[in-house]
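Have a look at the structure below before the remarks.
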Amino acid sequence: MTANASTNAKMDASPSGMQEVENRPKNGADILIKALHDQGVDIVFGYPGGAVLHVYDAMYKNPIRHILTRHEQGAIHAAEGYARVLNKPGVVIATSGPGATNLVTGITDAMIDSIPLVIFTGQVATTVIGSDAFQEADIIGITTPITKHNYQVQDVNDIPRIVKEAFHIANSGRKGPVLIDLPKNISTAIFDEAKANVPDEVYLPGYQPNYKPNYLQIQKAIQAISEAKKPVVLVGAGVLFANACDELVEFVEKYKLPVVTTLLGLGSISGNHELNYGMAGMHGAVVANDAITKSDLLINIGSRFDDRLTGDTSRFAPEAKIIHIDIDPAEIGKNIRTDIPIVADAKEALKALLKNDFNAPDTAEWIDYLNSVRDEYPFWYVEDEKEVLPQQIIEMVHTITNGDAIVTTDVGQHQMWAAQYYLQNHSHQWVTSGGLGTMGFGLPAAIGAQFAKPDKKVISIVGDAGFQMTSQELALLKEFNLPVKVIIINNAALGMVRQWQELFYDSRYSQSLMPVQPDFVKLAEAYGLKGYRIQTIDEAERILAEAINSDEPVVVDCRVKQLENVYPMVPSGKALHEMVGVKKF
Amino acid sequence: MKRQFNIESITVGHTEQPNISKMTLVVNIEDDVKLEQLIKQLSKQIDVLKVNDITDKAIVLRELALVKVVSPPNLRLEMNAIVEPFRPQIVDTSKNVVTYQVIGHPDKIDAFIELVRPYGIKELTRTGVTATVREVQQTFYDQTPLSLLK
């Protein structure tokens, strides 16, 4: 792929431009770009505008790779995809006012899923802040509850320190988005090196995340594990953020501990690992939910006990003692009572557990039982003579790519089917919007993922509705020749809304059907991309492999059965053992 | 707001150290889990250096109120005599209105307000509570616990 080479020609500044930068006094914008280089930032997703003109001018003269998306939402989801795959901060630039507010959904998404981002927004000059100036929005006020931290730069000489702190905060402890609001007159102000105070080490006395586990708590955990009869390890995204997948696998293999994961914990252990009993929660595997319900010891590593995982919290893991390992102390005891809290980085905690040799619990009987449940209740669907089922499409995608591709999804039914049927072989290849459930996430996230890993196959599984929320970003696939494979699971409906209306509102399909859809093949062609359509299983078998194995970007419109439902399912407010649709009807 | 906590009062001011402010919050919380969450969520803020729950500590607790009361000349002496145990200061006065400044525990201020209410309160301004922990924490210290939990 040529994405690396084909950067916007304008970004390749002429040597004379560089010269000019060397000689003139540096302003805030120059310092900002320099600070990004100092942080090792190799790519920025953004969209220019009035308040950031100086920043873009500085970028022109001191090039940093900038990807111009077609909407700010595309930029921030691309940065999220990039951050998920590389486990390092994604960087976003937008202008003031509407540019900044268009980021709000993505910022919230990153906050709830703990994705490290550093976001720069332009702002009107400090002299007119508060005057309702053109393109003014109080983005600090707006983003305070949805960022890990935010800054409005008041003094040009603070820029290097603030940028350094922002990257540190975004990418340490429980990761998350940090926003820096840069008023226009600060970006033009002349920087005075002598007045800049940049400590070698970031100094934030109010922010000291605890990485090392408490010794006594680890001893308690060890005792609980060695005494357990029916232990289960619940793995969340914290294990991925801590790069602790190897330690996780070593730990569960050493002590023969069954593993279940959250939606965002998928990939932390191979989908085919014998101790991996799959995803738990609302649309999780029967065996995973059964393991939690019947377990006598639940070891939660880096999951925040989200309500889509727990179901009715009062009846969650009723028989289990609960060990909760989390880097964020506020997560412990927030949703589920905890018996042994361990505030630590997942990697450090697992290392501490591995360092102590202790008696492995006898889990043979428990594992036999779980295996029988797993065999008894696999994910299921009933083949249709006429129509293609969405699950079949995803199974085929999995077979064609051997489970090795990076998969991004949008939100809804297709997302759950992708979680159920696309078993991940590797970590950091599953990119989905979990906590916020942001439609429109899938395509831009795939773009960010492809920039992060130019040589990896990136599949974006999206629904027809969510795809249309950010489909303008198809332009980037063409512009940068990003070989993303966009697989549209097209049921001409808001499938999950329709499913809930079918099950809980007597099939009153209020505003959930989209009988008139654009011709997605022609839409792809309008963007200069190859488009395919699949309407039968034969076509699927013929076309999917060709499309996925091609080294070009493709869009595949898969027309699937509209009334297919995601099963099994824990109805809202019910406990995990009250799943419905556990077996073929 | 996001976490659904209702703050009764909040005061803030500089401390002895430059660039460090101290806030005193009064919050009514019904259970221990929510209280723990509140403290953790506050601690999580990057700018917050430390959070102390001083509910059950030996503390000095003060609030200031400015109470503007209708006080015609023929009643003023009587009023001054009645409020005297609260040791308020008269900080402003006019022909028919007097403004008392009263300082103390919020309970004391409540009592003061009830005392002068029959005369007609024109305006009431309270600062909210500020507090400091006593140097010596004596267990026998005669202090009514403020917490509703214990």
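The values are calculated or read from the model by the stated rules, or taken from the named source; none is laboratory data. Since the structure is predicted, the reported quantities are computational estimates derived from the model, not experimental observations. Using ideal geometry, Cβ is built from the backbone for each residue, glycine included, and neighbour counts are taken over all protein chains shown. Remember, those area values only see protein heavy atoms, side chains included, never the ligands or the DNA or RNA. Shrake-Rupley method; radii C 1.70, N 1.55, O 1.52, S 1.80 Å.
Does B:Thr99 qualify as being under 18 Å from the mean Cα position of the chain (by Cα), away from chain A (no Cβ under 14 Å), more than 30 Å from A:Ala170 (Cβ to Cβ) and among the hydroxyl-bearing types (Ser, Thr, Tyr)? The answer is no for B:Thr99. Residues that are within 14 Å of another protein chain (Cβ to nearest Cβ) and of a type outside the set (Asp, Glu) occur in segment B:23-30; there is at least one. Within segment B:33-54, residues that are facing chain A (nearest Cβ under 7 Å) have Cβ atoms under 7 Å from residues that are open to solvent by less than 70 Å² (accessible area, probe 1.4 Å) and of a type in the set (Phe, Trp, Tyr) in these pairs: B:Ile46/A:Tyr207, counting only partners at least 6 apart in sequence or on another chain.
A:Gly141 passes every criterion in (1) part of a helix (DSSP H, G or I); (2) surrounded by 18 or more Cβ atoms within 10 Å (Cβ to Cβ); (3) not β-branched (Val, Ile, Thr) apart from (2). For segment A:342-354, the set of residues classified as over 28 Å from the mean Cα position of the chain (by Cα) and either at pLDDT below 95 or farther than 18 Å from A:Val249 by Cβ (or both) is empty.
Applying the criterion of being within 14 Å of chain B (Cβ to nearest Cβ) and aromatic (Phe, Trp, Tyr) to the residues of segment A:200-239, the residue that is farthest from A:Ala352 (Cα to Cα) is A:Tyr203.
Taking residues in segment A:331-345 that are within 9 Å of chain B (Cβ to nearest Cβ), and partners anywhere that are crowded, with 21+ Cβ neighbours inside 10 Å and in a loop (DSSP other than H, G, I, E, B), the pairs with Cβ atoms closer than 7 Å and at least 6 places apart or on different chains are A:Glu331/A:Arg304. With a requirement of 3 or more residues that are open to solvent by less than 10 Å² (accessible area, probe 1.4 Å) and farther than 30 Å from A:Ala79 by Cβ, the helices (runs of 4 or more DSSP H) lying completely within segment A:175-262 that satisfy it span A:215-227, A:245-255.
Counting only residues that are buried (at least 23 other Cβ atoms within 10 Å of the Cβ) and either within 14 Å of chain B (Cβ to nearest Cβ) or assigned to a loop (DSSP other than H, G, I, E, B) (or both), segment A:321-330 holds 3 of them. The number of residues in segment A:288-308 being assigned to a helix (DSSP H, G or I) and open to solvent by 10 Å² or more (accessible area, probe 1.4 Å) comes to 5.
Every residue, every condition in (1) touching a Lys or Arg at 6+ places or on another chain (Cβ under 9 Å); (2) closer than 29 Å to A:Trp417 by Cβ; (3) hydroxyl-bearing (Ser, Thr, Tyr), yes or no:
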residue: A:Val259; (1), (2), (3): no, yes, no
residue: A:Gly265; (1), (2), (3): no, yes, no
residue: A:Leu275; (1), (2), (3): yes, yes, no
residue: A:Asn289; (1), (2), (3): no, yes, no
residue: A:Ile299; (1), (2), (3): no, yes, no
residue: A:Gly302; (1), (2), (3): no, yes, no
residue: A:His324; (1), (2), (3): no, no, no
residue: A:Asp328; (1), (2), (3): yes, no, no
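A single member of A:Val91, A:Val128 is outside any loop (DSSP other than H, G, I, E, B) and not charged (D, E, K, R), and it is A:Val91.
Being of a type outside the set (Lys, Arg), within 14 Å of chain A (Cβ to nearest Cβ) and free of Cβ contacts under 8 Å to residues at least 24 places away in the same chain, is that true of even one residue in segment B:1-8?
Here is the first cut: in segment B:1-8, the ones of a type outside the set (Lys, Arg) are B:1, B:4-8.
Subset that is within 14 Å of chain A (Cβ to nearest Cβ): B:1, B:4-5.
Narrowing the set further to residues that are free of Cβ contacts under 8 Å to residues at least 24 places away in the same chain leaves B:1, B:4.
Checked segment B:1-8: at least one residue is of a type outside the set (Lys, Arg), within 14 Å of chain A (Cβ to nearest Cβ) and free of Cβ contacts under 8 Å to residues at least 24 places away in the same chain.
Determine, yes or no, whether A:Val92 is open to solvent by 30 Å² or more (accessible area, probe 1.4 Å), among the hydrophobic types (A, V, I, L, M, F, W, C), at pLDDT 95 or above and within 22 Å of A:Gln135 (Cβ to Cβ).
Details: open to solvent by 30 Å² or more (accessible area, probe 1.4 Å): no; among the hydrophobic types (A, V, I, L, M, F, W, C): yes; at pLDDT 95 or above: yes; within 22 Å of A:Gln135 (Cβ to Cβ): yes.
For A:Val92, the condition - open to solvent by 30 Å² or more (accessible area, probe 1.4 Å), among the hydrophobic types (A, V, I, L, M, F, W, C), at pLDDT 95 or above and within 22 Å of A:Gln135 (Cβ to Cβ) - is not met.
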